[in-house]
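The values are calculated or read from the model by the stated rules, or taken from the named source; none is laboratory data. This structure is a prediction, so every number in the text was calculated from the model and none was measured. So basically every Cβ, Gly included, is an ideal-geometry build from the backbone, and we count neighbours across all protein chains shown.
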Amino acid sequence: MRRTVIIGASGGIGGALADLAEARGEAVLRLSRPAIDAMRPETFAAAADALDGPVGRVVVAAGLLHRDGAGPERDVRMLDPEWLLECYRANAVVPAMAARAFAPRLAREGCALFAVLTARVGSIGDNRLGGWYAYRMAKAAANQLVATLAVEMRRRNPAACVVALHPGTVDTPMSKPFQRNLKPGQLVPPEVAAANLNAVMDALSPADSGRFLAWDGSPIPW
């Protein structure tokens, strides 16, 4: 039985991924705040230490786009240092602490996966619209974590695959304020997003480590 860890399991996508993994017979560890805290790495370490054996799949589905009136900036004059730091903690520090705790515990056979749900807007090469500074910057940092961890894991655990995944636009509270003017079919429920992401993850091999992929398996430039 594969051990799967879902970080951010209280969210829409994370919860759907955890439900799907359990339906497939996997032993799932669901982690969310306040049990884990980005600024308290010992909370991640305690969760990892409680596992009995190696991990087959870790998915970091935690993230922050808006909260209490704070959210994506339309222009540079809206930049706020506290919001920048809060976005960085939620979108970059959480996956970093997850990597610190769980990457050393990835199985050394098959294709042990460490996946971070980032976002297409975190791509520097694909940025054509501007705006959304804090979220873009934090997701770009998470992408750099994935690229760097992939290099290390090639040396330490060649069976591991480390990837960044873009889930698409999912009908969750995170996307709710930004759902107007979407193209037909662009917005999908969490269950569909989870199935799409699982199909991509199931097709990966260690040779794919270090890639940034969309929900349909297509590559996204860093």
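Here are a few things to note about the model shown:
- Consider region 38-66 and keep the residues that are acidic (Asp, Glu) and at pLDDT 95 or above. The one that is surrounded by the most Cβ atoms within 10 Å (Cβ to Cβ) is 42.
- Identity of the residue in region 11-37, more than 14 Å from residue 197 (Cβ to Cβ) and out of contact with any strand residue (DSSP E or B) (no Cβ under 6 Å at 6 or more places or on another chain), that ends up surrounded by the most Cβ atoms within 10 Å (Cβ to Cβ): 36
- Test: residue 126 is surrounded by fewer than 18 Cβ atoms within 10 Å (Cβ to Cβ), more than 24 Å from residue 85 (Cβ to Cβ) and not polar (S, T, N, Q): yes
- Given (1) free of Cβ contacts under 8 Å to residues at least 60 places away in the same chain; (2) in contact with a Leu (Cβ under 7 Å, 6 or more places away or on another chain); (3) not hydrophobic (A, V, I, L, M, F, W, C), index of the condition residue 42 fails: (2)
- Matching residues in region 143-161 - criterion: being within 18 Å of residue 91 (Cα to Cα) and without any contact (Cβ under 8 Å) to a residue 60 or more places away in the chain: 144, 145, 148, 149
- Hits in region 133-152 - residues which are surrounded by 18 or more Cβ atoms within 10 Å (Cβ to Cβ) and more than 18 Å from the chain's Cα centre (by Cα): 133
Per-residue answers, yes or no, for (1) among the β-branched types (Val, Ile, Thr); (2) at pLDDT below 95; (3) more than 17 Å from residue 118 (Cβ to Cβ):
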| position | (1), (2), (3) |
| --- | --- |
| 152 | no, no, yes |
| 161 | no, no, no |
| 186 | no, yes, yes |
| 199 | no, no, yes |
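- Evaluating residue 75 against the criteria (1) under 30 Å from residue 128 (Cα atoms); (2) under 18 Å from the mean Cα position of the chain (by Cα); (3) of a type in the set (D, E, K, R) leaves one unmet condition, (2).
- If the condition is being assigned to a loop (DSSP other than H, G, I, E, B) and either closer than 23 Å to residue 88 by Cα or in contact with a helix residue (DSSP H, G or I) (Cβ under 6 Å, 6 or more places away or on another chain) (or both), then region 19-53 contributes 32, 33, 34, 35, 36, 38, 39.
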